[in-house]
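Below is one structure, written out as structure tokens; the observations come after it.
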Amino acid sequence: MATYLLTWNPNEWAWEDIDKSSREVSSGKSVFIEWSCGNTKKIQKGDRVFVLRQSAEPKGICASGIVIEGSFEGENWKGNSAQFIKLKFDTLLNPETEKVLPRHLLNKAEFSRVRWDIQRSGITIYTEVAAELEKHWTQFSNKPSLSNADQLETEQQKVEAEGYFDTGNLEDARRRVITSIVQRRGQSEFRLGLLNAYAGQCPITNCNIEAAIEAAHIMSYRGDKSNHITNGLPLRADIHILFDLHLLSIHPDTYRVLLSPEVASSSNYGAYAGQKLRLPQNKAASPDRTALRNHYEVFLQKHEKPKQKSAT
């Protein structure tokens, strides 16, 4: 996923329905817009964009979103030919009534690689700069810039754009599916070791259908050294997904299953909340507590309730 800068000059274009759109985004409604990106043709479906208000105070980042339709040719407000994208907002602030992320914050050293004052859209925000911007934007807007659902939707859009679901080539599609399954299961020795340690069962659901059990890494895969039996759990495929997305975690001291609010409310998964992880008989194969703690801390960060802002 690449990240791009879109610019907005209110002296040239009056965003007449921004107040209405801002309220709709805040209420959880989907708001879409077509935006000129100059001559940039490389922006693709699934890419990340930030909108920077320029030339009039307050200047700063006022919106972010995901591209749902990559660069296409159209006519801009001046009647000239230009490239456009269609995007879906995840955050939209009305500068007339809300504070935006101030332009002067982008003068910090970590943002210096980007020419923020250039008067056109479609500028690449380098990966390391984008990461810093995401962090500042998340803290400023007091909401996650990308939800788990948005991340999955983005990846799905990428897969579709790359032709993974091309029915004209079923053999290639079949090969991709098999490759994906093999990658998810992890290296054969790692998976086999986990299945043996846990008696061929998922330690959360007790599922013993081997084809449905995947080798889940507690700490992210970083090469062969990550494939240590204490850094893994044999999880049923759907539980593996929830674990990787930090919608489910394991308490490092009690080994109790923890669920995010959205998962806990599900009739399919709510029963697992508080359930104790079934540990292997061989204690040496038990999950590493440090690895579990790292996963657990990320889980807490993702699902802790936002602090209430004090009245001023």
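State all residues of the range 53-70 that are touching a Gly at 6+ places or on another chain (Cβ under 9 Å) and either of a type in the set (Asp, Glu) or buried (at least 19 other Cβ atoms within 10 Å of the Cβ) (or both); if no residue qualifies, say none. Within the range 53-70, Arg53, Ile66, Val67, Gly70 qualify. Kindly indicate whether any position in the range 66-74 is touching a Cys at 6+ places or on another chain (Cβ under 7 Å) and either modelled with pLDDT of 95 or more or in the same structural domain as Ser121 (by TED's automatic domain parsing) (or both). Yes, there is a match, as at least one residue in the range 66-74 is touching a Cys at 6+ places or on another chain (Cβ under 7 Å) and either modelled with pLDDT of 95 or more or in the same structural domain as Ser121 (by TED's automatic domain parsing) (or both).
Here are Ala271, Ala284: which of them is in contact with a helix residue (DSSP H, G or I) (Cβ under 9 Å, 6 or more places away or on another chain), assigned to a helix (DSSP H, G or I) and either at positive phi or aliphatic (A, V, I, L, M) (or both)?
Ala284
Condition (residue is within 18 Å of the chain's Cα centre (by Cα), surrounded by 13 or more Cβ atoms within 10 Å (Cβ to Cβ) and under 18 Å from Val129 (Cβ atoms)) applied to the range 100-109: is it met by at least one residue? No; the residues of the range 100-109 include none that is within 18 Å of the chain's Cα centre (by Cα), surrounded by 13 or more Cβ atoms within 10 Å (Cβ to Cβ) and under 18 Å from Val129 (Cβ atoms). Taken together, the residues in the range 33-52 that are within 20 Å of Glu75 (Cβ to Cβ) and surrounded by 13 or more Cβ atoms within 10 Å (Cβ to Cβ) amount to 8. When the residues of the range 197-222 are filtered to those that are assigned to a strand (DSSP E or B) and not aliphatic (A, V, I, L, M), the one that is nearest to the chain's Cα centre (by Cα) is His217. All of (1) modelled with pLDDT of 90 or more; (2) over 25 Å from the mean Cα position of the chain (by Cα); (3) closer than 26 Å to Asn11 by Cα hold for Leu92 with one exception: (2). Note on the range 236-251: residues that are at pLDDT below 95 and in a loop (DSSP other than H, G, I, E, B) amount to 3.
Give the range 14-25 a look and list any residue that's in contact (Cβ under 8 Å) with a residue 12 or more places away in the chain and surrounded by 15 or more Cβ atoms within 10 Å (Cβ to Cβ), or say none. Residues satisfying the conditions are Ile18, Ser21, Ser22, Val25. Taking the condition closer than 30 Å to Gln139 by Cβ, in contact with a Ser or Thr (Cβ under 8 Å, 6 or more places away or on another chain) and in the same structural domain as Glu214 (by TED's automatic domain parsing), does His251 pass? The answer is no for His251. Of everything in the range 240-294 that is basic (Lys, Arg) and closer than 21 Å to His228 by Cα, the residue that is surrounded by the most Cβ atoms within 10 Å (Cβ to Cβ) is Arg293.
Taken over the range 223-235, the criterion of being of a type in the set (Gly, Ala, Ser) and either outside any helix (DSSP H, G or I) or at pLDDT 90 or above (or both) is satisfied by Gly223, Gly232.
Right, Asn39: modelled with pLDDT under 95, in contact with a Ser or Thr (Cβ under 9 Å, 6 or more places away or on another chain) and either not charged (D, E, K, R) or not assigned by TED's automatic domain parsing to the domain that holds Gln139 (or both) or not? Judged against the criteria, Asn39 is not a match.
The values are calculated or read from the model by the stated rules, or taken from the named source; none is laboratory data. Small disclaimer: the values here were computed from a predicted structure and weren't measured. Virtual Cβ from ideal backbone geometry, glycine too; neighbours counted across all protein chains shown.
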